[in-house]
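Student: Below: one structure in structure tokens.
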Amino acid sequence: MKEEGVMRKVGFVVVVLMFFSSLCFAEVEKGIIDTIAKRIEFSGLLETGFKVESIGHKNISGRVEDSEIQLTTAALAIEAEVADWINVAVVPIFEVGEFYVDEGHVTLGPTESIPLYLKGGLMYYPFGKREEYTHFPDEPLVNLPFTMYFGEIWDPGAVVGFTKEIPGMGSLTLEGFVVYANVTDSDTRQVDTYGFNVCYNLEKGDYKFEIGASYTNNALDSTGYKMHRTGLEDYERADFWTLHTDRDIDAIATYGSIECGGCYLTAEYMGVVQPIREAISRSGELGARPRVWGVEIGTALENYVALPKPVEVMFRYEGSLDAQEIYEIPRNRYAIGANVGLHEYLTWSLAYAYNDYNEGYGGGDPTGHETNSSLFFTQLAIQF
């Protein structure tokens, strides 16, 4: 991963230079202080989490217990408005013991007369539902949603988009992207991954509705697959677990959400279009076709009972097929949780999740054959 470490350092230098050079073009109206106040916006996130996990194995008597407490995330987002149609953003982040630049990009547009925009740099790409996909904590310490493992694409590249407001009928967004990513299963990089996203949004009062669909030609460029491949190399089992494919793997995603009166429902599905002939399916034969999905529902309790602090409760179910070996995720997950607003900027979260695995697969342990796990976690998050 030396190349990736170098890329992160170079990326950090580049985005910092872009950020400060952009300020040189900002109009100085009443000195530096006024310029900063008008054109630069800061936001931050600080999360500390604690988990207790109990894991059952098919060939081991008893259960394996594990606990952990960490500063899971410390992030500071800096956005600069160079002009009405030029924005620069940099997001350095510390996450589970590692510091890196999470995002660094320049956006041109849109304007009132031209509803087009172009974004270039290091970013996440519009494959699947990127905004408010879950109300559960989504840090690596407490397990990410299945759809993030499968579909999150994070690399340098570019996005071009079009957003059109339809009077009284919501808005329509069309986006296309290209990514400077790894070519199939090699360490060679080129602009080889691409995709698009179509999304419709409607907002009226406290009612919100969203539905969308996405496509990418390279499902194996996801961060979930690359994390799994890197981790298994540490066990010197990469030849068995890593997919050695000479072709791109097309994938699609569909998603939708509805929110009204403090209640919400989200659903998402992702899957490859054609079987991966190099991967082992759940039947033990070559030709796996990984698919993942999730449904989450939640409500604000203040809708039903008077409480001293705002409390939100939620339930989530996630499932997968042929994805456990490739992405190291369970067959099923059931989770229940709550968020308590202790302050305008401070939220306390707690949740319980139960995972079950297909017998015969290695799960998260290449030597043990996990069958199930119970996970309790709690988190304090400060966001400003």
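Student: Determine whether Glu81 is touching a helix residue (DSSP H, G or I) at 6+ places or on another chain (Cβ under 6 Å), over 23 Å from Ser349 (Cβ atoms), free of Cβ contacts under 8 Å to residues at least 60 places away in the same chain and not aliphatic (A, V, I, L, M).
Tutor: Numbers: touching a helix residue (DSSP H, G or I) at 6+ places or on another chain (Cβ under 6 Å): yes; over 23 Å from Ser349 (Cβ atoms): yes; free of Cβ contacts under 8 Å to residues at least 60 places away in the same chain: yes; not aliphatic (A, V, I, L, M): yes.
Here the answer is yes, as Glu81 does meet what is asked.
Student: Give the residues of the stretch 100-138 that are in a strand (DSSP E or B), touching a helix residue (DSSP H, G or I) at 6+ places or on another chain (Cβ under 9 Å) and of a type in the set (A, V, I, L, M, F, W, C), sorted by residue number.
Tutor: Selection gives Val101, Val106, Leu122.
Student: Return the residues of the stretch 193-205 that are out of contact with any strand residue (DSSP E or B) (no Cβ under 6 Å at 6 or more places or on another chain) and touching a residue at least 12 places away in the same chain (Cβ under 8 Å); say none if nothing qualifies. Spell out how you get there, then give the answer.
Tutor: Within the stretch 193-205, the first condition is being out of contact with any strand residue (DSSP E or B) (no Cβ under 6 Å at 6 or more places or on another chain), and the residues that meet it are 203-205.
Answer for the stretch 193-205, where residues must be out of contact with any strand residue (DSSP E or B) (no Cβ under 6 Å at 6 or more places or on another chain) and touching a residue at least 12 places away in the same chain (Cβ under 8 Å): just Glu203.
Student: Identify all residues within the stretch 269-280 that are surrounded by 14 or more Cβ atoms within 10 Å (Cβ to Cβ) and not hydroxyl-bearing (Ser, Thr, Tyr); write none if there are none.
Tutor: Scanning the stretch 269-280 gives Met270, Gly271, Val272, Pro275, Ile276, Glu278, Ala279, Ile280.
Student: Could you pull out the residue among Ile55, Ile60, Ile69, Ile33 that is out of contact with any helix residue (DSSP H, G or I) (no Cβ under 7 Å at 6 or more places or on another chain), farther than 25 Å from Phe99 by Cβ and modelled with pLDDT of 80 or more?
Tutor: When all the criteria are applied, what remains is Ile55.
Student: Give me the residue from the stretch 281-326 that is in a strand (DSSP E or B) and more than 26 Å from the chain's Cα centre (by Cα) and, out of that set, surrounded by the fewest Cβ atoms within 10 Å (Cβ to Cβ).
Tutor: Filtering the stretch 281-326 for residues that are in a strand (DSSP E or B) and more than 26 Å from the chain's Cα centre (by Cα), the one surrounded by the fewest Cβ atoms within 10 Å (Cβ to Cβ) comes out as Leu286.
Student: Can you pull out every residue in the stretch 76-97 that is of a type in the set (A, V, I, L, M), surrounded by fewer than 17 Cβ atoms within 10 Å (Cβ to Cβ), assigned to a strand (DSSP E or B) and within 18 Å of the chain's Cα centre (by Cα)? I'd like the intermediate steps shown before the answer.
Tutor: Step one: of the stretch 76-97, the residues of a type in the set (A, V, I, L, M) are 76-78, 80, 82-83, 86, 88-91, 93, 96.
The next check asks that each one be surrounded by fewer than 17 Cβ atoms within 10 Å (Cβ to Cβ); those that pass are 76-77, 83, 86, 93, 96.
Subset that is assigned to a strand (DSSP E or B): 76-77, 83, 86, 93.
Correct list: Leu76, Ala77, Ile93.
Student: With polar (S, T, N, Q) and touching a Lys or Arg at 6+ places or on another chain (Cβ under 8 Å) as the only criterion, which of Thr266, Thr299, Thr347 stands out?
Tutor: After ruling out the rest, the residue left standing is Thr266.
Student: Let me ask something additional. Please verify whether Pro145 is under 28 Å from Ala80 (Cα atoms) and either buried (at least 16 other Cβ atoms within 10 Å of the Cβ) or at pLDDT below 95 (or both), treating the condition exactly as stated.
Tutor: no
Student: May I ask you to verify whether Thr266 is in a strand (DSSP E or B), crowded, with 17+ Cβ neighbours inside 10 Å and either modelled with pLDDT under 70 or not acidic (Asp, Glu) (or both)?
Tutor: yes
Student: Is it the case, given these coordinates, that Thr73 is buried (at least 22 other Cβ atoms within 10 Å of the Cβ), in a strand (DSSP E or B) and of a type in the set (S, T, N, Q)?
Tutor: In short, yes.
Student: Can you confirm whether Arg331 is among the charged types (D, E, K, R) and at pLDDT 80 or above? Let's see the steps before the verdict.
Tutor: Numbers: among the charged types (D, E, K, R): yes; at pLDDT 80 or above: yes.
Judged against the criteria, Arg331 is a match.
The values are calculated or read from the model by the stated rules, or taken from the named source; none is laboratory data. Worth saying up front: this structure is predicted, and the values here are computed from it rather than measured. Glycine gets a Cβ as well: all are built from the backbone with ideal geometry, and neighbour counts include every protein chain shown.
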